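Peer 1: Have a look at this one before I ask anything.
The values are calculated or read from the model by the stated rules, or taken from the named source; none is laboratory data. Since the structure is predicted, the reported quantities are computational estimates derived from the model, not experimental observations. We place every Cβ from the backbone using ideal geometry, glycine too, and count neighbours over all the protein chains shown. Calculation scope for accessible area: heavy atoms of the full protein, side chains included, ligands and nucleic acids excluded. Shrake-Rupley method; radii C 1.70, N 1.55, O 1.52, S 1.80 Å.
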Protein chains: 2
Amino acid sequence: MYTKNPDSSELGRKIISSSIELINEIGFESFTFKKLGATINSPESSIYRYFTNKQALLIYLTSWYWTWTEYRLVFAMTIVASIDERLNKCIEILTQPVEVDDDISYVNEILLSEIIFAESLKAYHTKNVDEQNKIGCFEAYKSVVQRVSDIVLEIQPDFEYPHMLISTIIEGAHQQKYFSEHLPALTDKVKDKKAINSFYTELTWNFLKSTTRN
Amino acid sequence: MYTKNPDSSELGRKIISSSIELINEIGFESFTFKKLGATINSPESSIYRYFTNKQALLIYLTSWYWTWTEYRLVFAMTIVASIDERLNKCIEILTQPVEVDDDISYVNEILLSEIIFAESLKAYHTKNVDEQNKIGCFEAYKSVVQRVSDIVLEIQPDFEYPHMLISTIIEGAHQQKYFSEHLPALTDKVKDKKAINSFYTELTWNFLKSTTRN
DNA sequence: GCAAAGATAATAGTATTACTATCATTTCTG
DNA sequence: CAGAAATGATAGTAATACTATTATCTTTGC
């Protein structure tokens, strides 16, 4: 995932925090190590010592996000008692961008979540997916999907498609947000910010309830 | 969408049919006009007379696909009587790759549908979406989503999220297929080829039925 | 049958991207 | 304070994504 751990040095942390800001500003496509180097006043060759290329950096960021999100999920589970409310909370965390920053680290979680929603699919939609997957680049994401799938199975043990449902929700929520900003004809006019969350929550419960009835 | 209509000349048609094969072989990322030129024995500068860049070509291909798919939908509707069966047929067309080629044109529809499932999101997930959308690059896709949304509304006029539902199904089916091939932990082990279709069909009817009950 | 127009081929050239390499300098650490 | 490690400064390469120019070939109207 990285050549040198960015968490282990000042420059490494600067690379992470500045890349999050820069990718947010200009988008991942326009983002280059040269431009990042210019903003942090370091040569691009120094950045290459941490990441082999910008895609590796994006994978690192998504992995960071999913690891952090798994923590958020675990924490949320401890303060919600009912299993139904747990699933609702999970869906909420997965479908809505982060709005408050803990400020405990050099990572701006609000901007990072924006990147995840807008660009994370570029981390695994590449010709190198298979090798990257083999070396564990997407384990954090998988772990989140597994964890929420387990809650679905707890609610309904015979449900056949828990992973399909959860990855549909995650990726769907990302795309619906993108559509609302760029291709509104592919989504629906919504009154409030929680519409996407509501949609996937309803979708989930209708699916789970109905199969229970069978 | 194009600088010169590829349908208007022998070279243009060769560009389309060969690009479909080449993109399928090496993937869109590795695909370049230089390589395409080499396979059709034409200089890349000739290809640039038809498309300003490879992304414009991809947009053309997706647009071709959705226009053709709208025709398939319209045709399917004429031979299915019940409204419920109509929606089922739509979902089937949207969630399953094409398996038979009409062979009426220079376009290999089977390979094209593979490209759409695997790479179409790269057509609109770019920094230029907004301008491209403004000049109508995605109208064919929108039209398909609108048409199926109308069927949903016919079944249930008060349904709030028809476009969200249909675009979730389309994009979801594409991604689940990709996941099953590259990141199986994000989807579920499936017995037959129709599992993705079944999942989204069930999901849809549970959603529609349940809101009817309210 | 031929001239003008239009399309394609052949070739060359440029800017940017995505790196790699080298060596000097700074900073850290025992 | 010596040696190691990290970073800075600079240069260079291959590939990509184009643009430009001129020559050749193919139509098509007359």
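Peer 1: Roughly how many Å² of B:Thr39 are accessible to a 1.4 Å probe, to the nearest 10?
Peer 2: Ignoring ligands and nucleic acids, B:Thr39 comes out at about 80 Å².
Peer 1: Right, next: Helix B:162-182 against the longest principal axis of chain B: what's the angle in degrees, Cα atoms only, rounded to the nearest 10?
Peer 2: Helix B:162-182 sits roughly 60 degrees off the main axis of chain B.
Peer 1: Do the alpha carbons of any pairs in A:Lys89/B:Lys89; A:Lys4/A:Lys142; A:Lys89/A:Lys189; B:Lys142/B:Lys194; A:Lys142/A:Lys194 sit beyond 27 Å of each other, and which pairs? Please list the in-between numbers first.
Peer 2: Details: A:Lys89/B:Lys89 34 Å; A:Lys4/A:Lys142 24 Å; A:Lys89/A:Lys189 24 Å; B:Lys142/B:Lys194 25 Å; A:Lys142/A:Lys194 25 Å.
Exceeds cut-off: A:Lys89/B:Lys89.
Peer 1: Can I ask one more? How large a share of the accessible area of segment A:6-213, in percent, is made up of carbon and sulfur atoms when the probe is 1.4 Å and the other protein chains stay in place? It would help to have the intermediate numbers written out before the result.
Peer 2: Details: 4710 of 8900 Å².
So the carbon and sulfur contribution to the accessible surface is 53 percent.
Peer 1: Which aspartates and glutamates have a Cα lying under 16 Å from the Cα of B:Lys35, excluding residues fewer than 8 positions away in the same chain?
Peer 2: Answer for B:Lys35, where 16 Å is the Cα cut-off: B:Glu21, B:Glu25, B:Glu44, listed by chain and number.
Peer 1: Further question: Quick one: Debye curve from the C-alpha atoms of chain A, no solvent, what's log10 I(q)/I(0) at q = 0.09, 0.17, 0.18 Å⁻¹?
Peer 2: With no solvent term, the Cα-only Debye profile gives -0.39, -1.24, -1.34.
Peer 1: Just from its helices, what would the mean residue ellipticity at 222 nm be for chain A, if runs of 4 or more DSSP H residues each count -39500 (n - 2.57) and the sum is divided by every residue, rounded to the nearest 500 deg cm²/dmol? Write out the running numbers ahead of the final one.
Peer 2: Working: 11 runs with 146 residues, N = 214.
Taken over chain A, the calculation gives -21500 deg cm²/dmol.
Peer 1: Mind checking which of A:Leu11, A:Leu36, A:Leu73 has the largest fluctuation in a GNM of chain A, springs on alpha carbons under 10 Å?
Peer 2: For chain A, modelled as a Gaussian network with Cα springs under 10 Å, the answer is A:Leu11.
Peer 1: Taking the Cα atoms only, what angle lies between the long axis of helix A:83-95 and the longest principal axis of chain A, rounded to 10 degrees?
Peer 2: The helix A:83-95 is inclined about 40 degrees to chain A.
Peer 1: Round to the nearest 10 and report in Å² the accessible area of B:Met1, as given by a 1.4 Å probe over the protein chains' heavy atoms.
Peer 2: For B:Met1, solvent-accessible area is about 80 Å².
Peer 1: Now for a different question. GNM on chain A, C-alpha springs below 10 Å: top fluctuator among A:Ser143, A:Ser82, A:Ser120?
Peer 2: Among A:Ser143, A:Ser82, A:Ser120, the largest GNM mean-square fluctuation belongs to A:Ser82.
Peer 1: Taking springs between alpha-carbon atoms closer than 10 angstrom, which of B:Gly12, B:Gly172, B:Gly136 fluctuates most in the Gaussian network model of chain B?
Peer 2: B:Gly136
Peer 1: On a C-alpha basis, how far is the centre of segment B:55-107 from the centre of segment A:87-158 in Å? Whole number, if you could?
Peer 2: Here the answer is 32 Å between Cα centres.
Peer 1: Relative to the longest principal axis of the C-alpha atoms of chain B, give the angle of the C-alpha long axis of helix B:195-213, reported between 0 and 90° and rounded to the nearest 10°.
Peer 2: In chain B, helix B:195-213 runs at an angle near 40 degrees to the longest axis.
Peer 1: State, to one decimal in nm, how far the label point of A:Tyr71 lies from the label point of A:Glu29, with both points 7 Å from Cα in the Cβ direction.
Peer 2: Reported label-point gap for A:Tyr71 and A:Glu29 is 3.3 nm.
Peer 1: Still on this structure, I have one more. Which residues make up the longest stretch of chain B clear of GluC sites (Glu not before Pro) that lie in a DSSP loop with no more than 14 other Cβ atoms within 10 Å, not counting the sites?
Peer 2: Numbers: sites that count: B:Glu29, B:Glu99.
With a cap of 14 other Cβ atoms within 10 Å, the longest stretch comes to B:100-214.
Peer 1: Please work out the FRET efficiency for the pair B:Asn41 and B:Glu99, using the Cβ-Cβ distance as r and a Förster radius of 41 Å; give the result to the nearest 0.05. Present the calculation step by step, with values, prior to reporting the outcome.
Peer 2: Details: r = 31 Å, r/R0 = 0.76.
So the FRET efficiency works out to roughly 0.85.
Peer 1: Solvent-accessible area per residue for segment A:1-132 at a 1.4 Å probe radius, Å²?
Peer 2: Numbers: 6030 Å² over 132 residues.
For segment A:1-132, the per-residue accessible area is 46 Å².
Peer 1: OK, next. How would B:Trp68, A:Trp64 rank on accessible area, largest to smallest, probe 1.4 Å? Write down the numbers at each step before the final one.
Peer 2: Values: B:Trp68 30, A:Trp64 60 Å².
Of B:Trp68, A:Trp64, the descending order of accessible area is A:Trp64, B:Trp68.
Peer 1: Report the FRET efficiency, 1/(1 + (r/R0)^6), for B:Asn53 and A:Lys4, where r is their Cβ-Cβ distance and R0 is 51 Å, rounded to 0.05.
Peer 2: Details: r = 35 Å, r/R0 = 0.69.
The pair B:Asn53/A:Lys4 has a calculated efficiency of 0.90.
Peer 1: Additional query: Using a/c under 1.5 as the rounded threshold, could you call segment B:88-214 rounded, prolate or oblate? The axes a ≥ b ≥ c are square roots of the C-alpha gyration tensor eigenvalues, and prolate needs a/b larger than b/c, oblate otherwise.
Peer 2: oblate
Peer 1: How far, in nm to one decimal, is A:Glu85 from itself in the other copies if the label point is set 7 angstrom along Cα toward Cβ? Shortest first, please.
Peer 2: Copy-to-copy label distances for A:Glu85: 4.8 nm.
Peer 1: Which chain A residue puts its Cβ closest to the axis that rotates A onto B, and at what distance in whole Å?
Peer 2: Its Cβ sits closest to the axis: A:Asn206, 2.
Peer 1: Please report the buried accessible area for the interface of B with A, total over both chains, probe 1.4 Å, in Å² to the nearest 100. Don't skip to the answer; put the middle values down first.
Peer 2: Working: alone 11850 and 11830 Å², together 18940 Å².
When B and A are taken together, about 4700 Å² of accessible area is lost.
Peer 1: Starting from the Cα gyration tensor of the protein assembly as shown, take the square roots of the eigenvalues, sort them a ≥ b ≥ c, and report rounded, prolate or oblate (rounded when a/c is under 1.5, otherwise prolate if a/b is larger than b/c, else oblate). Mind dumping the intermediate values first?
Peer 2: Numbers: a/c = 1.84, a/b = 1.03, b/c = 1.80.
Judged from the Cα gyration tensor, the protein assembly as shown comes out oblate (a/c at least 1.5, b/c at or above a/b).
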